[in-house]
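Remarks on the structure that follows.
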Amino acid sequence: MIKEINFNDDFIIERVQKTFINVFKDHPIKKDLLSNPFSKYLVYLYHDKVCGFVNYNHIYERIEIINIEVIKEYQRQRIASKLISYIFKIKVNNITLEVKKNNIPAINLYKKFGFKELAIRKNYYNGVDGILMEVVD
């Protein structure tokens, strides 16, 4: 099940932050939701277990995907695909994201959704190049 969370969903926010502690140790979800009116979070729950999430900014006619994470034991079960498909239901002009150049599985997933490589961002991820990708509706 996919659920969009908001700043009142304290229990789910706490579970997401504990599950993905490395992602949120310096970037609390609630603070992000309260300070950024464009920030959105979708959580993938399986039998009430947090298995994955996507954070994105919905800025008027466009979406920028900030982060997609799936816990290791649930990877390769189409959870990331389901989260991306959910975002694709939102009517916007384009969707962008950055991905590490060496993250081949993620790049291949994004290409299946029609994302195209736009640019290389040198050393974007602590010495690893990032690829800016976009899909246009």
Unmet requirement for LYS40, which otherwise passes all of (1) of a type outside the set (Asp, Glu); (2) in contact with a His (Cβ under 7 Å, 6 or more places away or on another chain); (3) surrounded by fewer than 13 Cβ atoms within 10 Å (Cβ to Cβ): (3)
Out of VAL23, VAL54, I need the residue that is modelled with pLDDT of 90 or more and either surrounded by 20 or more Cβ atoms within 10 Å (Cβ to Cβ) or in a helix (DSSP H, G or I) (or both). Which one? VAL54
Hey, among the residues in segment 123-137 that are modelled with pLDDT of 95 or more and of a type in the set (D, E, K, R), which one's nearest to ASN93 (Cα to Cα)? GLU134
For ILE120, state whether it is farther than 20 Å from HIS58 by Cα, touching a Cys at 6+ places or on another chain (Cβ under 9 Å) and not acidic (Asp, Glu). no
Mind checking which residues of segment 113-137 are touching a residue at least 24 places away in the same chain (Cβ under 8 Å) and either among the hydrophobic types (A, V, I, L, M, F, W, C) or farther than 17 Å from ILE66 by Cα (or both)? PHE113, VAL128, ILE131, LEU132, MET133, VAL135, VAL136, ASP137
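The values are calculated or read from the model by the stated rules, or taken from the named source; none is laboratory data. None of these values were measured; they are calculated from a predicted model. Methodologically, a virtual Cβ is constructed for each residue, glycine included, from the backbone with ideal geometry; neighbour enumeration extends over all protein chains shown.
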